[in-house]
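The values are calculated or read from the model by the stated rules, or taken from the named source; none is laboratory data. Everything numeric in this text was worked out from a predicted model, so none of it was measured. Neighbour counts run over all protein chains shown; Cβ positions are idealised from the backbone, glycine included. Ligands, DNA and RNA are excluded from the accessible area calculation, which covers all protein heavy atoms including side chains. Shrake-Rupley method; radii C 1.70, N 1.55, O 1.52, S 1.80 Å.
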Amino acid sequence: PRHRPPVHEGRVARVSSTMEGVGALVAALNRVRASFDKQGVEGVVMAACVPTAEHIASLAPVKTGALRDSIAARPIDSPGEVVTVGIGPSREIFYAGFVEFGTARTPAQPFMRPGFDEDQPALVARLKRGFGDLIKEGAAA
């Protein structure tokens, strides 16, 4: 059934509204969109990921400290407007996977997955806060 307008004493009731400030709203939204360039988004994501990397590093087993000390958040080259950040040990620490998953001779000593899982709620909160701040800064510019 189609919606029928309300009828009062044989006449159709008319409702109208006026929206003021649409131009200012559009301008603010354009400023927000501009703040979401690749550099701005990467800044938010990196800032949110650094504490996650630090938490993971704190869980890494230590023999020499090289594995723990190499764990960081690093931007990864991505095409176009895509932002990618990796969290983990540097490539030079080739044995990190052997430590995480174990080998035929050594048992697994997981630190990456447990660290990420433990920090994930805080990471999401940091991302929300960071993007919220980016929106506020863009709207106020």
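Whether a residue is more than 30 Å from I135 (Cα to Cα), assigned to a loop (DSSP other than H, G, I, E, B) and of a type in the set (S, T, N, Q) was assessed, and T103 passes this test. If a residue has to be of a type in the set (A, V, I, L, M) and modelled with pLDDT of 95 or more to count, how many in segment 120-140 make the cut? The total comes to 5.
Residue selection: G80 fails the criterion of being modelled with pLDDT of 95 or more and of a type outside the set (V, I, T).
Looking across E100, E54, E42, E92, one residue alone is loosely packed, with under 10 Cβ neighbours inside 10 Å and either modelled with pLDDT of 90 or more or within 20 Å of the chain's Cα centre (by Cα) (or both). It is E92.
Quick check: is even one residue across segment 107-119 open to solvent by 30 Å² or more (accessible area, probe 1.4 Å), among the polar types (S, T, N, Q), over 30 Å from R33 (Cβ atoms) and at pLDDT 95 or above? So far as segment 107-119 goes, yes, one or more of its residues are open to solvent by 30 Å² or more (accessible area, probe 1.4 Å), among the polar types (S, T, N, Q), over 30 Å from R33 (Cβ atoms) and at pLDDT 95 or above.
The residues of segment 22-50 that are part of a helix (DSSP H, G or I), within 16 Å of F131 (Cβ to Cβ) and of a type outside the set (A, V, I, L, M, F, W, C), listed by number, are R31, R33, S35, K38, Q39, G40, E42, G43. Taking into account only those residues within segment 71-85 that are more than 19 Å from D37 (Cα to Cα) and free of Cβ contacts under 8 Å to residues at least 24 places away in the same chain, which is surrounded by the most Cβ atoms within 10 Å (Cβ to Cβ)? The selected residue is I71.
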